[in-house]
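Trainee: Here's a structure for you.
The values are calculated or read from the model by the stated rules, or taken from the named source; none is laboratory data. Not measured: the values here are computed from a predicted model. Here the Cβ is made from the backbone with ideal geometry for all residues, glycine too, and neighbour counts use every protein chain on show.
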Amino acid sequence: MIQNSAGYRSLNTATPMTMQIKNQKVCARCNKLVAQDNQRTKTTLKALGRYYHENCFICQDCGKPLKPKYFPYQVDRMSEPILLCQYDYFRRHNLLCHVCDTPLRGLYYTAFGYRYDEEHFSCTICATPCGVKKCFMFENQLYCKYHFLKYFSKRCKGCEFPISDQYIEFPKGEEIHCWHPECYGIHKYWHVNLAADTVGLQRLPKLEYNPNAEDKDINPNAYDLDKQMQAFNFILSKTWSVLYRFEEEAASCISDMFQYLTSNDQLKGIESTALLVLKIDCLFRGLDTLNLSNSNMSIINSESEQIENNSIATNKYSKFPKNLSTKIMIYLQLLRKLGLENKNETITISSFMSVITGLAHFLKLLTRFGLYTALENNKTTRSVNPLLRFLRETEKNELFEDNPFQYIKTPVNATDSCTGCNKYIQEECIQFYEYRWHIACFICSSCHKNINPMSLTDPTFNKDKKRILCSHCSIDDPASLPGFKYVTKLAQLIFLLKIALVKSRTVMLKLRASNKVGNTSLQSTMLKEQTYIRTLNDIKRLRSRRESVRVTHNKQQARKSVILETTETDLNDLTKEEDRKNLIIQTDDLSSNQQISTRENVFSNTKTLTLDDISRIVAAEQARELRPNAFTHFKKLKETDDETSNVVPKKSGVYYSELSATELSMIRAISLSLLASKQLISKSDPNFDRIVSIGFSNEKQVLTGGFWSKMKTMMSMEPKKTITKTVFGTPLEILCEKCGVDSDLGVGPVKIRIPIIIDELISSLRQMDMSVEGIFRKNGNIRRLRELTATIDSDPTEAPDFSKENAIQLSALLKKFIRELPQPILSTDLYDLWIKAAKVDSEDEKQRIILLIYSLLPSYNRNLLEALLSFLHWTSSFSYIENEMGSKMDIHNLSTVITPNILYFPQEIANDNVSEEANSGLVDSFAQNKGENYFLAIEVVDYLIIHNEEMAMVPKFLMNLLKEVQMQKLDNYESINNFISDILQKNTIDYSECDVKSPVTVKDSTTMVMQGEVNK
């Protein structure tokens, strides 16, 4: 591109400002006459049509003589240019070398906001030219890639490799961790880190640079380092792109399955299921490349530790694929029920909630297990081949986009029975075209000897006589042919699923052809599809905002420029005196070489869906089913429009996490005034002043431990708090400020500040099998629990590796942490209010009161509660799997074991002499001394878990009152209380969002939430 400076005037073209009186000339600088010297000892100079004494012909900025060359420079808002020396001319144009501070003549480079001449655009250590595409800076000094990575580059928290380009800064406590974007994604989604030894590469520790010592350490040298970084970046990028893409595709299929089941569309539902099975088949094939067998399953036994007196540990891996296939089978059964004309039997979202969430969860576990196992095999073989084979097979799922049944060649009459014993085959087996045998049934029909399933080249099969012959007996039967294949357990499960798919589709097509399909209102179906699309878009948008991260760059592509012309003028060269000159710079186009990166939008993309979103979609749809008046009606809905939909909402759509400190204070004052008007609390109550102080004294709680919070402490604007040296037993406010993290475990669109330990525990538990019986009820290994507690307390800002623990152990650790908080999460000051709310008979009045009390919680308590309630609601979906399996911990049972830890009076359970085991049990002093309150508290927590998403959102009536308070500019409790009293007298508060005629109840251990009657 061509860059021109402002227009300049040549030497003698402008009208001179000096006065000429009778051929006498006046100096343009000193305004004195320029006398003619007959002896020519002094020279009269002329430039830009003006005359100067020789002593006056100097630089405007520095005063240096300009003879023989000068540089006219046009100053803004001045009619005439000024005269400058070369240095000041280039300085004013910002064309000085950043290193040597000399004018840039000819070729120069621009990088990191500085300009360099060709000589100094090089590494500070080795003087190697940096190059246009590879330049790095540290403390305002340029370095080549080799020395930057070796001495100065940040190290990734996940892989510990140097960061050469993009990275994410993730604050944890008072530390800031740096991640490769891909490493951050892999850790976030599957809780796995790609260390050097897991990808067959050498570690690259950061070395300390000594400018006074010679750089003699060349291990590795520049070539080896570059090759190693290229290899690692390829592996990292491949792992992230393949697995994230697989998760997107699988989540999209499960979402479609859920949508078509709720909208009663059988054929589309089975198409989505078939597509999911094809993609799962690719994952299973990838798992089979890892040579999994019962003899090498020790890597997952860390999640299968013996619980309670070394009971027999089950193999978690063998359980996951079967559970996944069972969920798909159950879904197909539900789908077939849609074709039955049974008006008395309806399928509710609650009835298949565990099916959809289980599909997403077990698929997530299998993906994580495959990646973890591949990396462990890499370490064993000191090669990256196991990982690449796993990724190669998994990546093939992208070949299947639509019309899945064209890829399923299984015939309708295919059998799932053993040819030998005619019994069902669900394990590994032997195949000969359409025939299959159990391993135990694979016996020679002649000599009756067992045939080794690993040596299938020599045995033969006579199809006419259906006889299996070993290598010795096959000689006597020339009609028998070889062709046996070993079928893994995973391949057999896929085969069974394909049989079920083909047969189910055949039945559905016959029912449709005979017009025996149950009639469903077209208008009802369209409305369900519209509400689902609305939910889907909301979940995507909330996640994209909640998980959004900023990507920073280490490397920058430099721009190469050449100065073609300046305004330089030579007094001695009179031939060019009349020429016009401008500053002309030619710069290479940066966009022609710059590679566009797509990684920056991965965590803020509103169009993608992940497996973690499935449980949120199910919960949101269940809430809509239970409270259909949340949206009055749909006018028009565009599937591609994420931001707008023409609906009339009954909910505010604003989350507590989005409010400012001042708004939260006002909400608390409004809620307290409303509760006082109901005579649930009064100024005479001992807790009243403390509750008021929550809103107007502790506004700093909503801060996220960021810049202004640190500045307040540094400038002594608030008292310095003691830095916590432990985690367990430390006040929640101190933990969040000193050892907190901005987590995306909340419900709303904004990250919430919670303790690091909570974020790590919940994130780790979401990667484990939560269908283990007794989750949150059993205590785990007490000695291990104490060891983990000591480890966490020894380093409050860094959580240990929880991936090697089991779900029972981590749930017990989570319960221990919340139990040992100095104040319960639901606040001692609000205890009486919670109990009073539970005693209210009217369900709509109870709901209003609970919403008001929830809004009074301190910010950090509410943040922690929001993450905890959402996690517990998700955990309840695994209370029942099938065949009496599951955790048995439905919402009611979870409420029973959690309530004594989050809603109590401290003096009721504080007993230093009580053992940890007794303190963790269901029967404690809380239940013994306060029997009635004990069950009422359970009822409150039960309600909070069921309505966890609704609780995270500010009620619409509170938001309306907040707007009115803001318009009145009220800023203290007394004025807000008086204002609310006037509003109550006018009876203008709209509570319609809370109108429920019958309560929401939970039945049995299947977490079946029944719908109450709702006013529309």
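Trainee: For E699, indicate whether it is over 25 Å from the mean Cα position of the chain (by Cα), at pLDDT below 85 and either crowded, with 22+ Cβ neighbours inside 10 Å or more than 27 Å from T357 (Cα to Cα) (or both).
Mentor: On the way: over 25 Å from the mean Cα position of the chain (by Cα): yes; at pLDDT below 85: yes; either crowded, with 22+ Cβ neighbours inside 10 Å or more than 27 Å from T357 (Cα to Cα) (or both): yes.
Spelling it out, E699 is indeed over 25 Å from the mean Cα position of the chain (by Cα), at pLDDT below 85 and either crowded, with 22+ Cβ neighbours inside 10 Å or more than 27 Å from T357 (Cα to Cα) (or both).
Trainee: Could you tell me which numbered condition N422 fails, if it satisfies all but one of (1) free of Cβ contacts under 8 Å to residues at least 60 places away in the same chain; (2) surrounded by 14 or more Cβ atoms within 10 Å (Cβ to Cβ); (3) not hydroxyl-bearing (S, T, Y)?
Mentor: So the condition that N422 fails would be (2).
Trainee: Also, I was wondering about something else. Identify all residues within region 630-679 that are outside any loop (DSSP other than H, G, I, E, B), modelled with pLDDT of 50 or more and surrounded by fewer than 17 Cβ atoms within 10 Å (Cβ to Cβ); write none if there are none.
Mentor: Passing the criteria: P649, E658, A661, T662, S677.
Trainee: Please give the number of the condition E773 fails out of (1) buried (at least 16 other Cβ atoms within 10 Å of the Cβ); (2) in a loop (DSSP other than H, G, I, E, B); (3) charged (D, E, K, R).
Mentor: Status for E773: all satisfied but (1).
Trainee: Being among the small types (G, A, S) and more than 20 Å from L338 (Cβ to Cβ) is the filter here; which residues of region 480-508 pass it?
Mentor: The initial filter retains those residues of region 480-508 that are among the small types (G, A, S), namely 480, 483, 491, 500, 504.
Matches in region 480-508: S480, G483, A491.
Trainee: Which of (1) more than 44 Å from the chain's Cα centre (by Cα); (2) assigned to a loop (DSSP other than H, G, I, E, B) does R436 not meet, given it meets every other one?
Mentor: In the conditions (1) more than 44 Å from the chain's Cα centre (by Cα); (2) assigned to a loop (DSSP other than H, G, I, E, B), R436 misses (2) alone.
Trainee: Given the criteria acidic (D, E), farther than 26 Å from E737 by Cα, assigned to a loop (DSSP other than H, G, I, E, B) and touching a residue at least 40 places away in the same chain (Cβ under 8 Å), does E160 qualify?
Mentor: Answer is yes for this residue.
Trainee: A follow-up question, please. Pick out the one residue from L761, L745, L810, L765 that is buried (at least 20 other Cβ atoms within 10 Å of the Cβ), farther than 18 Å from Y189 by Cα and of a type in the set (A, V, I, L, M, F, W, C).
Mentor: Details: L761 fails: farther than 18 Å from Y189 by Cα; L745 fails: farther than 18 Å from Y189 by Cα; L765 fails: farther than 18 Å from Y189 by Cα.
L810 is the lone residue from the list that is buried (at least 20 other Cβ atoms within 10 Å of the Cβ), farther than 18 Å from Y189 by Cα and of a type in the set (A, V, I, L, M, F, W, C).
Trainee: Here's a follow-up. Do we have I468 as surrounded by 14 or more Cβ atoms within 10 Å (Cβ to Cβ), out of contact with any Leu (no Cβ under 6 Å at 6 or more places or on another chain) and within 30 Å of T367 (Cα to Cα) here?
Mentor: Answer is no for this residue.
Trainee: Is it fair to say D458 is part of a loop (DSSP other than H, G, I, E, B), within 27 Å of K409 (Cβ to Cβ) and at pLDDT below 95?
Mentor: Criteria not met by D458.
Trainee: Same structure again: Considering only residues of region 808-822 that are aliphatic (A, V, I, L, M) and assigned to a helix (DSSP H, G or I), which is nearest to L732 (Cα to Cα)?
Mentor: I818
Trainee: Please enumerate the residues belonging to region 206-226 that are assigned to a loop (DSSP other than H, G, I, E, B), of a type outside the set (S, T, Y), surrounded by 10 or more Cβ atoms within 10 Å (Cβ to Cβ) and modelled with pLDDT of 80 or more. Write out each step before concluding.
Mentor: Initial filter on region 206-226 (assigned to a loop (DSSP other than H, G, I, E, B)): 206-221.
Subset that is of a type outside the set (S, T, Y): 206-208, 210-221.
This time we only want the ones that are surrounded by 10 or more Cβ atoms within 10 Å (Cβ to Cβ), so: 206-207, 215, 217-218, 220-221.
K206, L207, P220, N221 - these are the residues of region 206-226 that are assigned to a loop (DSSP other than H, G, I, E, B), of a type outside the set (S, T, Y), surrounded by 10 or more Cβ atoms within 10 Å (Cβ to Cβ) and modelled with pLDDT of 80 or more.
Trainee: In region 262-280, is there at least one residue being surrounded by fewer than 19 Cβ atoms within 10 Å (Cβ to Cβ) and of a type in the set (S, T, N, Q)?
Mentor: The answer is no; no qualifying residue exists.
Trainee: Something else about it: Residues of region 82-133 being charged (D, E, K, R) and either within 29 Å of Y52 (Cβ to Cβ) or more than 45 Å from the chain's Cα centre (by Cα) (or both), which ones?
Mentor: Across region 82-133, the qualifying residues are D88, R91, R92, D101, R105.
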